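Asks: Here you go, one structure.
The values are calculated or read from the model by the stated rules, or taken from the named source; none is laboratory data. Keep in mind the model is a prediction, meaning the values are calculated, not measured. Backbone-built Cβ (ideal geometry, glycine too); neighbour counts: all protein chains shown.
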């Protein structure tokens with residue numbers, strides 16, 4: 001069982017729910033590697049599979065003052081989500097004994113141009129791992145989020161869950177996973 005590193009902004013009820021989900025994932029998938037990244041504040045489902053921003057020619061007609069714009073980009077190949085490193089509170093890595101994969105710890109969130117993130121494919125870092133992002137500041141926000149990238153035999157499944165504290169932590173939104181999935185059961 002993995003115990004998450006907490007601070008005084010984390011609601012203990014939310015952490016219990018998340019630790020239960022992580023425990024269910026580890027039991028059912030038996031990954032070789034696990035990465036847990038704590039993100040400052042709540043994040044929404046738009047981060048799921050988000051690769052960054054791309055430059056697009058902006059067609060406004062003759063005499064345009066803005067020839068190019070940046071627009072959000074969700075690629076077909078799954079990249080490491082480009083959270084601003086200022087939002088990353090900590091990143092913790094676990095691995096099974098005997099597993100030597102130095103690339104896995106390259107998951108760390110780094111300063112880079114958005115266009116560079118398209119080259120940071122999750123499949124280049126692990127073939128059998130779990131990458132988990134968890135929101136913080138759940139005491140004040142009354143909401144939390146969890147995003148998971150499951151990599152097994154180089155196949156990638158990604159999903160997102162949002163929670164609210166409504167007299168106990170309840171799932172309010174899912175993307176990529178059914179709300180009744182056994183992994184989400186406490």
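Asks: Looking only at segment 1-14, how many residues end up being crowded, with 19+ Cβ neighbours inside 10 Å and part of a helix (DSSP H, G or I)? Break it down stepwise before answering.
Replies: Of all residues in segment 1-14, those crowded, with 19+ Cβ neighbours inside 10 Å come to 10-11, 14.
Then keep just the ones that are part of a helix (DSSP H, G or I); that gives 14.
Qualifying residue count, segment 1-14: 1.
Asks: Separate question: Can you tell me which residue among 125, 103, 118, 166 is surrounded by 15 or more Cβ atoms within 10 Å (Cβ to Cβ), modelled with pLDDT under 95 and over 20 Å from residue 22 (Cβ atoms)?
Replies: Unique residue meeting the criteria: 118.
Asks: Which condition number in (1) farther than 20 Å from residue 39 by Cα; (2) modelled with pLDDT under 90; (3) in contact with a strand residue (DSSP E or B) (Cβ under 6 Å, 6 or more places away or on another chain) is the one that residue 97 fails?
Replies: (3)
Asks: Could you grab me the full set of residues in segment 15-42 that are outside any helix (DSSP H, G or I), surrounded by fewer than 19 Cβ atoms within 10 Å (Cβ to Cβ) and touching a helix residue (DSSP H, G or I) at 6+ places or on another chain (Cβ under 7 Å)?
Replies: 40, 41, 42
Asks: Return yes when residue 130 is closer than 20 Å to residue 50 by Cβ, in contact with a strand residue (DSSP E or B) (Cβ under 9 Å, 6 or more places away or on another chain), at pLDDT 90 or above and surrounded by fewer than 16 Cβ atoms within 10 Å (Cβ to Cβ) and no when it is not.
Replies: In short, no.
Asks: Of all residues in segment 133-158 being touching a strand residue (DSSP E or B) at 6+ places or on another chain (Cβ under 7 Å), surrounded by fewer than 20 Cβ atoms within 10 Å (Cβ to Cβ) and at negative phi, which is modelled with the lowest pLDDT?
Replies: For segment 133-158, the residue satisfying everything is 152.
Asks: Let me confirm something: among 51, 35, 12, 28, which residue is farther than 21 Å from residue 164 by Cβ and more than 17 Å from the chain's Cα centre (by Cα)?
Replies: After applying the criteria, what remains is 28.
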